[in-house]
Amino acid sequence: MKKKLLIPVLALAVGALSACGTAEEEKKTASTTSDKVLVVGTSADYAPFEYVDTAKSDEIIGFDIELAHLIADELDYELQFVNSDFNSLIPGLQADKYDFVISGMTPTKERDEVVDFSIPYYETEQYLVFPKDSDISSLKDLNGQKVGAQTSSIQEDLAKTLAVENGFTVESRNLIPELIQELKNERFQGAIIENIVAENYLSQNDDLDSIFIEVEDPDYKSIAFQEDSELKAQFDEVIQKLIDEGKIDELKEKWLVVEE
């Protein structure tokens, strides 16, 4: 039986995801307020990890956001979140705009060369999402077609690898809602999206379907820091504690639960 995401239907509007002020302004404000305030970079288009439920408020919520708050509470920090495009997060971290980044990010060899990552806190899988009325049953059915992925994501890297093997072309977009819109407008015949994030959109769009993409090595989510940041060791200790105490599993039950 198809997986079903057990979270409320979300009102996801791309226009509501723009950052309130620049990261530089947030960082300056934070530094003059308290040395216990950390500025956090995120891309709030990635429900249920980080997103804005525009039907309720403009607050950024989700699995990653609650995890960041749990860690901050343990270490007696306050947090200020800055909403930015995903592909700008690591450059922003390098430019000292953020103290850390939490945004469903997976460590890769390229990323690890310029930032440091925490220990993993979540393992993820990948889906191919496509219109339900199409004849797609495998990646080979996309030969000669166009497939979308989020800019600077591991899904983009995966899509480019699979494109060589299966004969499709890849186009990238900054935001996940943009990928979904391109599918619905028939400009893309498929999109590679993380399983939990994909399930959220599948639950809201009866005209979309998906298949699981098998990968050789598992993907994990971690928090990114500036190289040699003292925060990494502090966060690693708390993340391990939250794992040992079952708090991470509680967050999964709250935000990410699926049933067969």
(message) Can you compute 3J(HN,Hα) from phi for each residue in the range 209-221, using the Karplus curve 6.51 cos²θ - 1.76 cosθ + 1.60 with θ = phi - 60°, rounded to whole Hz and x for Gly and Pro?
(response) 9, 7, 9, 6, 9, 7, 10, 5, 10, x, 9, 10, 9
(message) How big is the dipole moment of the chain about its Cα centre under a simple scheme where the beta carbon of each Lys and Arg is +1, that of each Asp and Glu is -1, and everything else is neutral? Debye, nearest 20, please.
(response) 720
(request) Based on the mean of other Cβ atoms within 10 Å per residue, sort peptides 142-152, 206-216, 220-230 so the most packed one is first. (result) 142-152, 220-230, 206-216
(request) Rounded to the nearest Å, what's the spacing between the alpha carbon centres of the range 214-234 and the range 84-154? Just the number, please. (result) 13
(message) Along the charge dipole of the range 103-174, pointing to its positive end and built from +1/-1 on Cβ of Lys, Arg, Asp and Glu, which listed residue (Val147, Thr161, Gly104) has its Cα farthest out?
(response) Val147
(request) Tell me which residues come under 5 Å, amide H to amide H, from Ile223 once H is placed; ignore anything under 5 positions away on its chain. (result) Ser118
(message) For a quick check, take a GNM of the chain with Cα springs below 10 Å and name the residue from Asp99, Asp116, Asp35 with the largest mean-square fluctuation.
(response) Asp35
(message) If amide hydrogens are placed 1.01 Å from N in the peptide plane, which non-local residues have theirs closer than 5 Å to the one on Phe81?
(response) Val40
(request) With r as the distance between the Cβ atoms of Phe212 and Asp96 and R0 = 35 Å, compute the FRET efficiency 1/(1 + (r/R0)^6) and round to 0.05. (result) 0.35
(request) Return P(r) of the range 74-134 (all Cα-Cα pairs; 5 Å bins starting at 0; whole %; ordered from short to long distances). (result) 3, 11, 22, 20, 18, 10, 6, 5, 3, 1, 0
(message) In whole percent, and with a 1.4 Å probe on the protein chains, what portion of the accessible area of the chain is carbon and sulfur?
(response) 46
(message) If I model a spin label as a point 7 Å beyond the Cα along the Cα-Cβ vector, how far apart are those points for Lys252 and Ser138 in nm?
(response) 3.1
(message) In Å², and per residue, what accessible area does the chain have when probed at 1.4 Å with the other protein chains present?
(response) 47
(message) If each DSSP helix of 4+ residues adds -39,500 (n - 2.57) and the sum is divided by the residues in the chain, what number results at 222 nm, nearest 500 deg cm²/dmol?
(response) -10000 deg cm²/dmol
(message) From the protein chains alone at 1.4 Å, what is the descending order of accessible area for Thr54, Thr169, largest first?
(response) Thr169, Thr54
(request) Work out from phi, with θ = phi - 60° and the Karplus expression 6.51 cos²θ - 1.76 cosθ + 1.60, the ³J(HN,Hα) of each residue of the range 49-64, listed in order in whole Hz, and give x for Gly and Pro. (result) 7, 8, 6, 10, 8, 5, 6, 10, 6, 9, 6, 7, 10, x, 4, 4
(request) Quote to one decimal, in nm, the extra length available between Gln234 and Asn87 on full extension: 0.36 nm per residue of separation minus the C-alpha distance between them. (result) 50.3 nm
(request) Can you find, among Val52, Val37, Val115, the residue farthest towards the positive end of the dipole of the chain? Put +1 on the C-beta of Lys and Arg, -1 on that of Asp and Glu. (result) Val52
(message) Over 31 Å between Cα atoms: which of Lys56/Lys184; Lys160/Lys184; Lys36/Lys241; Lys36/Lys56; Lys109/Lys146; Lys97/Lys184 fall into that group?
(response) Lys97/Lys184
(request) Give a residue-ordered list of calculated ³J(HN,Hα) values for the range 156-165 (Karplus: 6.51 cos²θ - 1.76 cosθ + 1.60, θ = phi - 60°; whole Hz; x for Gly, Pro). (result) 5, 4, 5, 4, 5, 5, 5, 5, 5, 6
(message) Once the convex hull of the alpha carbons of the chain is built, what does its volume come to per residue, in cubic angstrom?
(response) 127
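The values are calculated or read from the model by the stated rules, or taken from the named source; none is laboratory data. Treat the numbers as computed from the prediction; the structure is a model and nothing was measured. Note that we place each Cβ from the backbone using ideal geometry, even for glycine, and neighbour counts take in every protein chain shown. For accessibility, only protein heavy atoms count, side chains too; no ligands or nucleic acids. Shrake-Rupley method; radii C 1.70, N 1.55, O 1.52, S 1.80 Å.
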